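Read the structure below first, then the notes.
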Amino acid sequence: MNSIWHQLDQARTDLSDGKLCAIPTETVYGLAARFDHPEAILKIFEVKERPFFDPLILHIGRLQQIEELTEEFSELAEGLAKEFWPGPMTMVLKKSLKVDERITAGLETVGIRMPSHPLCLRLLRNLRSAVAAPSANRFGKTSPTRASHIREEFPDQNFFILDGGDSSLGIESTVLRPDKQKIQILRPGPIGETQLRAFLVKFELSHIEITTESSQHSPGHMKHHYQPAIPLVWSQRPVLSSSDLESIQRNLRVSNLRHKSLDLPRDAKLAARVLYSQLRELSQAPIDFIFFCPPLDAEGDWTAVYDRLSKASSLQI
Ligand code: TXA
Ligand code: MG
């Protein structure tokens with residue numbers, strides 16, 4: 001049962017038998033079920049304690065699968081797919097009748113992505129069926145970027161975990177909705193506005209607007225999300241003053257003020273890669289809060305990392 005071929009085979013068999021299976025992706029690990037097994041889909045919500053109003057995204061291995069799953073595939077959507085798939089982009093498209101309402105939380109649209117992690121892609125291609133997979137964490141908590149995170153998160157569950165090593169990107173995909181005249185970014189992620197803009201220029205589509213929508217357009221994306229087990233405090237100041245400490249004590253209702261700071265690399269891509277594993281590690285320390293102050297010499301596009309950190313934090317001072 002050790003070779004990677006055996007492991008792939010077990011993942012494929014379990015999914016085909018209607019069981020859940022954790023899968024590696026280049027963003028974060030997902031908790032997967034075949035999209036056409038309604039019982040397994042319900043099980044995802046149960047295991048994650050996820051509310052039914054938060055839709056799941058579908059993962060595909062080949063572009064042709066789009067035909068079965070969606071009603072409309074505009075030229076813009078096709079262009080985006082060819083440019084960014086396989087990769088960390090989820091597109092929200094009009095769903096076909098084959099996609100069960102439980103997956104989309106009753107919406108007319110469905111989120112779809114083709115991951116680039118080689119093991120995941122091979123699994124999806126062997127399966128010949130889309131799988132629904134949210135991040136493999138309890139609802140509202142930090143997403144897992146390695147197999148051991150999932151074992152720790154779900155000690156009582158015995159679904160199979162396909163171990164694909166550390167996720168290379170470390171934060172969830174960019175969720176977008178291509179429209180006739182615009183691309184709406186519903187969740188910022190590894191593919192940022194600069195890359196989308198470059199794509200539009202390359203295909204002479206510069207008239208198309210890019211907008212960033214507020215959370216309510218993406219039902220599961222609420223103010224508090226991605227929360228570590230120990231409260232995170234986002235501070236504008238690198239050194240906490242005594243009045244900061246008082247405010248932390250009052251707001252977090254903690255009796256001690258032991259803390260450690262989350263020190264991220266200054267490059268945005270490297271920061272994204274280690275963000276969740278560092279939050280998990282710090283959550284195991286004997287401390288009362290985690291402290292984060294944005295690096296002064298930050299480089300690259302921090303939009304997605306700051307989005308996650310602001311939602312993960314319990315207090316901003
Ligand atoms: O990178 C990722 O996207 C990871 C890996 C496993 O692929 N998956 C992931 O899934 O982050 P999840 O369920 O944790 O987040 C999916 C997000 C949610 O915020 C959900 O509300 C949004 O996508 N979403 C899904 N379907 C949608 C739809 N039809 N319309 C708007 N937002 C949708
Ligand atoms: Mg999630």
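How large is the accessible surface per residue of region 60-204, computed with a 1.4 Å probe and reported in Å² as a whole number?
On a per-residue basis, region 60-204 sits at 45 Å².
Taking 0.36 nm per intervening residue step and subtracting the Cα-Cα distance, what contour gain separates Glu281 from Lys98 on full extension?
61.8 nm
Quick check: net charge around Ala136, other residues with Cβ under 9 Å of its Cβ, Lys/Arg +1 and Asp/Glu -1? Each step should come with its number before you reach the end.
Working: positive: Lys48; negative: Glu153.
Taking every other residue near Ala136 into account, the sum is 0.
Any idea what the relative contact order of the chain is, in percent, if you count C-alpha pairs under 8 Å spaced at least 6 apart? Write out the running numbers ahead of the final one.
On the way: 631 pairs, mean separation 60.1, N = 317.
Reported as a whole number, the value is 19 percent.
From the cross-link list Lys95/Lys202; Lys180/Lys311; Lys98/Lys180; Lys19/Lys141; Lys43/Lys98, which pairs have alpha carbons spaced over 21 Å apart?
The pairs that break the limit, which is 21 Å between Cα atoms, are Lys95/Lys202; Lys180/Lys311; Lys98/Lys180; Lys19/Lys141.
Would you mind calculating the relative contact order of region 53-109 from Cα pairs under 8 angstrom and at least 6 residues apart, reporting the percent as a whole number? Please list the in-between numbers first.
Numbers: 43 pairs, mean separation 29.8, N = 57.
Reported relative contact order: 52 percent.
Return the whole-Å distance between the Cα centroid of region 58-86 and the Cα centroid of region 157-179.
That distance is 18 Å.
Would you compute, from DSSP H runs of 4+ residues alone, the mean residue ellipticity of the chain at 222 nm, taking -39500 (n - 2.57) per run and dividing by the full residue count, rounded to the nearest 500?
-9500 deg cm²/dmol
Full-extension gain between Leu8 and Ser243, please, as 0.36 nm times their residue separation minus the C-alpha to C-alpha distance.
79.2 nm
Report ³J(HN,Hα) in whole Hz for each residue of region 129-144, in order, from the Karplus equation J = 6.51 cos²θ - 1.76 cosθ + 1.60 where θ = phi - 60°; Gly and Pro get x.
Once rounded to whole Hz, the list reads 9, 5, 10, 7, 8, x, 4, 8, 9, 5, 3, x, 9, 5, 6, x.
Helix 75-84: angle to the longest alpha-carbon principal axis of the chain, degrees 0 to 90, nearest 10?
So the inclination is approximately 60 degrees.
Round to the nearest 10 and give me the degree value, 0 to 90, for the angle of helix 242-252's Cα axis relative to the longest principal axis of the chain.
Its long axis makes an angle of about 50 degrees.
Packing-wise, with mean Cβ within 10 Å as the measure, how do 63-71, 159-167 rank, highest first?
The packing order, highest mean first, is 159-167, 63-71.
Hey, can you grab everything whose amide H is under 5 Å from the amide H of Ser261? Only 5+ residues off in sequence or another chain; H modelled, so Pro and N-termini drop out.
Phe291
What are the aspartates and glutamates whose alpha-carbon lies under 17 Å from the alpha-carbon of Lys269, with same-chain residues fewer than 8 places away excluded?
Counting by Cα, and skipping residues close in sequence, Lys269 has these aspartates and glutamates nearby: Glu26, Asp166, Glu172, Glu193, Asp297, Glu299, Asp301, Asp307.
Taking the alpha-carbon set of the chain, what are its Rg and Dmax in Å?
Both quantities, over Cα of the chain: 19.8, 60 Å.
Out of residues 5 or more away from Asp267 or on other chains, whose amide H comes under 5 Å of its own, with H placed 1.01 Å from N in the peptide plane?
Those qualifying (amide H under 5 Å, at least 5 residues apart or on another chain) are Glu299.
Once you keep just the Cα pairs under 8 angstrom separated by 6 or more residues, what percentage relative contact order results for region 163-298?
Taking the mean separation of contacting Cα pairs over the length of region 163-298, I get 26 percent.
How far apart, in nm, are the 7 Å Cα→Cβ label points at Asp156 and Lys260?
2.8 nm
What ranking, highest mean first, results for peptides 268-281, 90-103, 233-246, 290-303 when packing means the other Cβ atoms within 10 Å averaged over each residue?
Numbers: 268-281: 20.4, 90-103: 18.8, 233-246: 13.4, 290-303: 16.3.
Per-residue mean Cβ counts within 10 Å order the peptides as 268-281, 90-103, 290-303, 233-246.
Quick one: give the max-minus-min coordinate of the C-alpha atoms of region 18-149 along each principal axis, largest first, in Å.
39, 31, 25
Can you tell me the 0 to 90 degree angle between the C-alpha axis of helix 118-127 and the longest principal axis of the chain, rounded to 10?
Helix 118-127 and the main axis of the chain meet at about 40 degrees.
Can you work out the Karplus-derived ³J(HN,Hα) for every residue in region 270-282? Use 6.51 cos²θ - 1.76 cosθ + 1.60 with θ = phi - 60°, whole Hz, and x for glycine or proline.
Each residue's phi maps through the Karplus curve to give 5, 4, 4, 4, 9, 3, 6, 5, 5, 4, 5, 5, 5 Hz.
Between Gln316 and Glu39, how high is the FRET efficiency from 1/(1 + (r/R0)^6) when r is the Cβ-Cβ distance and R₀ = 51 Å? Nearest 0.05.
The pair Gln316/Glu39 has a calculated efficiency of 0.75.
In whole Hz, with x marking every Gly and Pro, tabulate ³J(HN,Hα) for region 202-209 from phi via Karplus 6.51 cos²θ - 1.76 cosθ + 1.60, θ = phi - 60°.
Going residue by residue, I get 4, 9, 6, 10, 4, 6, 7, 7 Hz, with x marking Gly and Pro.
Specify the inter-centroid distance of region 242-268 and region 290-313, based on alpha-carbon positions, in whole Å.
15 Å
Accessible area of region 177-317 with a 1.4 Å probe: how many percent of it is carbon plus sulfur?
Values: 3800 of 7660 Å².
Of all accessible area on region 177-317, carbon and sulfur atoms account for 50 percent.
The values are calculated or read from the model by the stated rules, or taken from the named source; none is laboratory data. Predicted model, so just to flag it, every value in this text is computed and none were measured. A quick note on method: Cβ atoms are made from the backbone with ideal geometry, for glycine too, and the neighbour counts reach across all protein chains shown. These accessible areas exclude ligands, DNA and RNA; they are computed on the full protein's heavy atoms, side chains included. Shrake-Rupley method; radii C 1.70, N 1.55, O 1.52, S 1.80 Å.
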